[in-house]
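See structure below.
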Amino acid sequence: MPTPQSRRERPAKPALTREGIIDAAVLLMEQDGLQRVTMRRLAQALDTGPASLYVYVANTAELHAAILDRLLGRVDLNPDSGGDWRERLDTVLASYEQVLFAHPALARAALTARAAGDNYLALLESLLSLLAEGGVPDRQAAWGVDLMLQLSTASAAEHSAQREDSNAERDWIQLRHALVNASPETLPHVRAQADNLVAGAPAERRRWSVDTLLSGILATEPPAQ
Amino acid sequence: MNEGGARRLRSRAAKEPLSLEAFTSAAIGLLEREGMGAVTLRRLARELQTGSASLYAYVRTVQELHALLLDRMLAAVDLHPDLADRPRERLEAVCSSYLRVLRRSEGLAQLAAGVLPYGDNAITLTDTVLGCLRDMGLSPARAAWGYDVLMLHLTAVAAEQDRRRTQKDPVGRAREAYDRAAADRHPHVAALRAELFSGIEATRVTWAVEVVLAGIASAREPES
């Protein structure tokens, strides 16, 4: 059995902080993907035991939420693109989608684990202030912002999943084939809309979706409580 | 092969050739018992007491397996032909049924969020939704692009509900964070924090579908 080294002789380990733990987790994710970011792996990377991590982060779900929030710090909240509030809103959401798109597993996680950290709140604040600038009434803005973020998240999850899938190209061809060759008797609408269903670049689609939601949000009052 | 080996093979009970039906029902059984995370080619081969190689006759990748499963599950969506002359009502009924189907198994909605809907049942659902939108008087391009927004929203709602199976009180945690949002740093969040959480889920979903439909009807014509 090796003689245990005196604690004094070992180089001092940096003290654990929540910030430091999340830094290490982001690094681990960028190296190995989100699936590999578990409390056990993270403890190994930080040269400590999982038990010491639980003081700062309750479980893997919370860890993933914290990583998500950290990455949301990369969203451009103050685009100097000019333009009216609708355009700036679209630009912020485009930047949000871009951040998620770069990390497919994170986009999927964002669908189910809502972040509630500082960066998420800053994103929410930026969207709400743009909606206020556009004169969207409070309750519509509060409910509407949720809907807009949810749709952006789902769109990023969809696109990043397809980027990750080696068969995406073939699936896409298969989908087009199924649409164009739909039976005019049993699937008349699909047949008639085959081109419209797949037309438009992703950015144009997103602009249209954002516009559509904004028009709908402005036109639809939430029911009285 | 030596004679003994050949005899041993023959004396084994003849295994039925794997049919597509047996294959998909085993996959659905696995999905319903353990959720989408458990549905891998390896697990499925074990369930069917066969090698992964014999599964490749049906699907080549786990993504393909998932797409096949999703489409099978979509057969359960009630397309409400009874409401054919009331397109708006029909659309809402079909949307509710789609949501119910996605919620049936853990992970199904998250899967739907990443799969291109090219299976027969998915295309039939697309046709029904497009038909409702057209019958509501929407132009072809609005119906086509609006369909996408509507389905993306429903899928996201269902996926979000999945988290309630795995996380303890996720809303409560978010709420605490919002309550801490200081008026000087996040004034809009602080001012609206009650409204951000108001309304029960069903009310929110009904409102969201109304928003999407109102939006589709009044937004600019897509430039496709």
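Below, the figures for the structure above:
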quantity: Scan of segment A:96-128 for residues that are of a type in the set (S, T, N, Q) and crowded, with 17+ Cβ neighbours inside 10 Å, ordered by number; calculated: A:Thr112, A:Asn119, A:Ser126
quantity: Qualifying residue in segment B:118-127 (condition: open to solvent by less than 30 Å² (accessible area, probe 1.4 Å), within 21 Å of B:Ala202 (Cβ to Cβ) and of a type in the set (Val, Ile, Thr)); calculated: no
quantity: Test: A:Thr186 is hydroxyl-bearing (Ser, Thr, Tyr), free of Cβ contacts under 8 Å to residues at least 40 places away in the same chain and loosely packed, with under 14 Cβ neighbours inside 10 Å; calculated: yes
quantity: Subset of segment A:189-203 [open to solvent by less than 30 Å² (accessible area, probe 1.4 Å) and part of a helix (DSSP H, G or I)]; calculated: A:Val190, A:Gln193, A:Ala194, A:Leu197, A:Val198
quantity: Exclusive hit being within 23 Å of A:Val136 (Cβ to Cβ), more than 7 Å from chain B (Cβ to nearest Cβ) and either part of a helix (DSSP H, G or I) or open to solvent by less than 40 Å² (accessible area, probe 1.4 Å) (or both), set A:Leu214, A:Leu179; calculated: A:Leu214
quantity: Residues that are crowded, with 20+ Cβ neighbours inside 10 Å and polar (S, T, N, Q), drawn from segment A:41-83; calculated: none
quantity: Positions within segment B:49-87 being exposed (fewer than 14 other Cβ atoms within 10 Å of the Cβ) and touching a residue at least 40 places away in the same chain (Cβ under 8 Å), in sequence order; calculated: B:Ala75
quantity: Segment B:130-142, residues that are open to solvent by less than 20 Å² (accessible area, probe 1.4 Å) and either more than 7 Å from every other protein chain (Cβ to nearest Cβ) or touching a residue at least 40 places away in the same chain (Cβ under 8 Å) (or both); calculated: B:Gly131, B:Cys132, B:Leu133, B:Leu138, B:Ala141
quantity: Within segment B:176-224, considering residues that are open to solvent by less than 30 Å² (accessible area, probe 1.4 Å) and of a type in the set (Phe, Trp, Tyr), the one nearest to the other protein chains (Cβ to nearest Cβ); calculated: B:Trp207
quantity: Which numbered condition A:Ser166 misses (of (1) part of a helix (DSSP H, G or I); (2) surrounded by fewer than 18 Cβ atoms within 10 Å (Cβ to Cβ); (3) more than 7 Å from chain B (Cβ to nearest Cβ)); calculated: (1)
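The values are calculated or read from the model by the stated rules, or taken from the named source; none is laboratory data. Nothing here was measured: the structure is a model prediction, and the numbers come from that model. Positions of Cβ are generated from backbone atoms using ideal geometry, with glycine treated the same way; all protein chains shown enter the neighbour counts. Heavy atoms of the whole protein, side chains included, go into the accessibility calculation; ligands, DNA and RNA do not. Shrake-Rupley method; radii C 1.70, N 1.55, O 1.52, S 1.80 Å.
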